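**Q** Take a look at the following structure, please.
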Amino acid sequence: MSKIRKITSMRLFLPIFCMILVMAANIVYDVACGNFALNFFTISIRNGVLYGRLIDVLNRGSEVAILAIGMTLVVSSSAGTDISVGSVMSLSACFCCMLLAGYGVSSTSDLAVPLIVGVLGGILLGCLCGAFNGALVAYLNVQPMVATLILYSAARAIGLLLCNNLIVYVRNDSYKFFGGYLGFIPTPIVIAVLCILIITLLLRKTALGLYVQSVGINKKASRIAGLNSARIIFLTYIISGLCAGISGIVASSRIYSADSNNIGLNYEMDAILAVALGGNSLGGGKFSLAGSIIGAYTIQAITTTLYALGVSTNVAPVFKAIIVIIIVSIQAPPFKAFFKKRSAQKALAKGVQ
């Protein structure tokens, strides 16, 4: 019993357990359909590129995994969520495509500016959006959800204005690379891995991770201890905007266009769910980046499984919302206190016997 309690108390238990449940559901589904039981894990090479359901999950879940990086830091430092990341994705993609195609141009195969200018422009605009959110939260003490609600509502409209109310197509092979393939490996997977490695090194080789957790646990105590709490919160929102900008470029490159209404739609919910599913408290404080990444790919696996089961794209968010409610309820202090009390009562009863 003590071993089970020790395993369940591990930080990564919840995300790994959820991932195993999703994999088990896929195995049951394949067996029920008369397919190979481990069809979900089968990877092959077709037309010179990796192919398989697992590869699809890793590929399609890359944008959410990148968003989950920034969302984890934001939640940890400010005890609030950045609900604008999906809209900022769209805005960054629109700005990038507008620069590459030229203002007022709806479709082009020739780039108006060098590719690096357009890509960096989109990413920098994402950082600027993150700085705007961060300034409201860190320096004006606006509630995170209220502060990020501004760009959640306005960013897509701004993207439409930048694209002159058009869906801008950039039919250039160099731009398609970010959503295509690097050799036989999907490029989004490579980009997600690089982002995870860079942030992990930054958190481990510097004191940033400790500072973020300290501010999230107690902002006033951290300020008394000499930390600039406002600056740390501001930095985490910039990182969140940076991640949204990168995700926007990847999402836009997949469809070689800037569709302001659909790029990043509902991705903010997936990013928040990834953080919660990763065993992180939405009340701030200690965080697990690994848990959030596992949570992000678990969400994509859930989405892929729901579609395989015939659930429509309009109904799928309902199931995700139910999962959020369950996870948040499990993490609630009264829920934890109840199980601690029951465990103590059982231990006491055994001692009496």
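The values are calculated or read from the model by the stated rules, or taken from the named source; none is laboratory data. Computed from a predicted structure; not experimentally measured. Glycine also receives a Cβ, built like all others from the backbone with ideal geometry; neighbour counts cover every protein chain displayed. Heads up: the accessible areas ignore ligands, DNA and RNA and are worked out on the full protein's heavy atoms, side chains in. Shrake-Rupley method; radii C 1.70, N 1.55, O 1.52, S 1.80 Å.
**Q** Could you list all residues from the stretch 223-276 that are open to solvent by less than 20 Å² (accessible area, probe 1.4 Å), hydroxyl-bearing (Ser, Thr, Tyr), assigned to a helix (DSSP H, G or I) and under 14 Å from Val85 (Cα atoms)?
**A** Matches in the stretch 223-276: Thr236, Tyr237, Ser240, Ser247.
**Q** Here's something else I'd like to know. Which of (1) crowded, with 17+ Cβ neighbours inside 10 Å; (2) without any contact (Cβ under 8 Å) to a residue 40 or more places away in the chain; (3) farther than 28 Å from Asp270 by Cα does Ala101 not meet, given it meets every other one?
**A** (2)
**Q** Separate question: Within the stretch 8-47, can you find the residues that are open to solvent by 90 Å² or more (accessible area, probe 1.4 Å) and either out of contact with any Gly (no Cβ under 8 Å at 6 or more places or on another chain) or under 29 Å from Gly180 (Cα atoms) (or both)?
**A** Those that are open to solvent by 90 Å² or more (accessible area, probe 1.4 Å) and either out of contact with any Gly (no Cβ under 8 Å at 6 or more places or on another chain) or under 29 Å from Gly180 (Cα atoms) (or both): Met10, Phe17, Ile20, Leu21, Val28, Phe36, Ile45, Arg46, Asn47.
**Q** Oh, and also: Hey, can you tell me all the residues within the stretch 161-198 that are assigned to a helix (DSSP H, G or I) and over 28 Å from Asn262 (Cα atoms)?
**A** Leu197, Ile198 - these are the residues of the stretch 161-198 that are assigned to a helix (DSSP H, G or I) and over 28 Å from Asn262 (Cα atoms).
**Q** Working carefully through the options Lys320, Lys346, find the one that is over 22 Å from Met19 (Cα atoms), modelled with pLDDT under 85 and part of a helix (DSSP H, G or I).
**A** Lys346
**Q** Are there any pairs, at least 6 apart or on different chains, whose C-beta atoms fall under 9 Å, with the first in the stretch 145-161 and on the phi > 0 side of the Ramachandran plot and the second open to solvent by less than 30 Å² (accessible area, probe 1.4 Å) and part of a helix (DSSP H, G or I), and if so, which?
**A** Note: no pairs meet the criteria.
**Q** Residue under question is Thr305, and the condition is that it be open to solvent by less than 50 Å² (accessible area, probe 1.4 Å), under 27 Å from Ala93 (Cβ atoms) and either in contact with an Asp or Glu (Cβ under 6 Å, 6 or more places away or on another chain) or not in a loop (DSSP other than H, G, I, E, B) (or both); does it hold?
**A** no
**Q** Scan the stretch 59-83 for residues that are within 15 Å of Lys286 (Cα to Cα), open to solvent by 10 Å² or more (accessible area, probe 1.4 Å) and in a helix (DSSP H, G or I) and jot them down.
**A** Matches in the stretch 59-83: Ser78 only.
**Q** List the number of the failed condition for Ile55; all other conditions in (1) assigned to a helix (DSSP H, G or I); (2) at pLDDT 95 or above; (3) not hydroxyl-bearing (Ser, Thr, Tyr) hold.
**A** Ile55 satisfies every listed condition except (2).
**Q** If you don't mind, there's one more thing I want to ask. What is the number of the single condition among (1) of a type in the set (Gly, Ala, Ser); (2) over 14 Å from Ser92 (Cα atoms); (3) within 15 Å of the chain's Cα centre (by Cα) that Ser247 does not meet?
**A** (2)
**Q** Collect the residues in the stretch 48-58 that are in contact with a helix residue (DSSP H, G or I) (Cβ under 7 Å, 6 or more places away or on another chain) and open to solvent by 40 Å² or more (accessible area, probe 1.4 Å), keeping them in residue-number order. Explain how you work it out, then say what you get.
**A** Going through the stretch 48-58, the residues in contact with a helix residue (DSSP H, G or I) (Cβ under 7 Å, 6 or more places away or on another chain) turn out to be 53-54, 56-58.
Scanning the stretch 48-58 gives Arg53, Leu54, Asp56, Leu58.
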